[in-house]
Amino acid sequence: MDDSTFASSPRERAHALLAERMQAHRLLEDPIPAAAHRWIDTFLDAYPGGFSSVRDALAAVAELRDEAVTLPALELERLRHRQVLFFLDAVSQYVDDQPELRGLPLDADLTTIGSEFGLAAADALGAVRMALTGKADGPPLEFLFPLLGHDRIMIRIGAVSSHILHGRGLEPIKFGPGGVPFETIQPQRPGAETGEPHEGS
């Protein structure tokens, strides 16, 4: 089976080819442990639309295996807020406390953690996704967390916080493209639907 047949392959054959190619690229040991087969199954579940070729699938695997990601400049700026960094640190602690990352009620848990820092649900989930992938969309977080694993999640969140705090600090840019005034994610006081921004903005 070659790249041209990967997209139309049955699940078991796609799994086998991806495992073979991951081994060839030194992304898997030989023999393949059971946990790695579970990882591949989760990966295939995360991308139900599939890939046009095994090469495209391997590129996605490589992104997940990297310890760091590059965030677009304006998206990094949106995270440049004290409450957002506190929230991401709390997410890192949450992950560190979990013995297993599969099956977590992430939408509920992450939005609850976010609300403690005044973040709207969409901002909280978006901040986590951006910090972990550098992208605004992608696989559901319920798949993304076990695919990344504890260490990579904490490393990636730590890298974002370190980049912000050891760079320009918490002072955001004043204007975005075209001279439009720029705002970071704007937390509200926990429990408040309207009113003044959260202290520290």
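The values are calculated or read from the model by the stated rules, or taken from the named source; none is laboratory data. Small disclaimer: the values here were computed from a predicted structure and weren't measured. Don't worry about glycine lacking a Cβ; one is built from the backbone with ideal geometry, like all the others, and counts go over all protein chains shown. Heads up: the accessible areas ignore ligands, DNA and RNA and are worked out on the full protein's heavy atoms, side chains in. Shrake-Rupley method; radii C 1.70, N 1.55, O 1.52, S 1.80 Å.
Quick notes on this structure:
- Rounded to two decimals, the Cα-based Rg/Rh of region 65-153, with Kirkwood Rh, is 0.92.
- Computed [θ] at 222 nm, helices only, for the chain once each DSSP H run of length n ≥ 4 contributes -39500 (n - 2.57): -18000 deg cm²/dmol
- Treating r as the C-beta distance of D109 and E67 and R0 as 25 Å, the FRET efficiency rounds to 0.55.
- Carbon plus sulfur fraction of accessible area for the chain, probe 1.4 Å, in percent: 52
- Cut-off 14 Å between beta-carbons: net charge of the residues surrounding P72, Lys and Arg +1, Asp and Glu -1: +1
- Which of H15, H166, H37 is most accessible, then next, and so on - probe 1.4 Å: H166, H37, H15
- Square roots of five times the Cα gyration tensor eigenvalues for the chain, Å: 36, 18, 15
- Integer Hz, Karplus 6.51/-1.76/1.60 couplings in order for region 72-79, x for Gly and Pro: x, 3, 5, 5, 4, 4, 5, 8
- Where trypsin sites (Lys or Arg not before Pro) fall in DSSP loop in region 142-173, at most 16 other Cβ within 10 Å: R168
- S53 versus Q93: modelled label distance in nm, points set 7 Å from Cα along the beta carbon direction: 4.7
- The chain - accessible surface per residue (Å², probe 1.4 Å): 54
- With a Förster radius of 41 Å applied to the beta-carbon distance between L27 and R168, the computed FRET efficiency rounds to 0.70.
- For the pair R102 and V180, a Förster radius of 25 Å applied to the C-beta separation gives a FRET efficiency near 0.05, rounded to the nearest 0.05.
- Loop-resident sites, region 1-69, for trypsin sites (Lys or Arg not before Pro), counting at most 10 other Cβ within 10 Å (DSSP): R26
- Using a Gaussian network model of the chain in which every pair of alpha carbons under 10 angstrom is joined by a spring, one finds that among S115, S92, S162 the greatest mean-square fluctuation is at S162.
- Cα principal axis extents for region 58-111, largest first, Å: 36, 33, 17
- Built amide H within the under 5 Å cut-off of Q188, gap 5+: L119, A120, H198
- For region 1-110, the set of GluC sites (Glu not before Pro) satisfying both a DSSP loop assignment and a count of at most 11 other C-beta atoms within 10 Å is given as E29, E67, E100.
- Using a probe of 1.4 Å, the accessible surface attributed to T70 totals some 120 Å² when neighbouring protein chains are kept in position.
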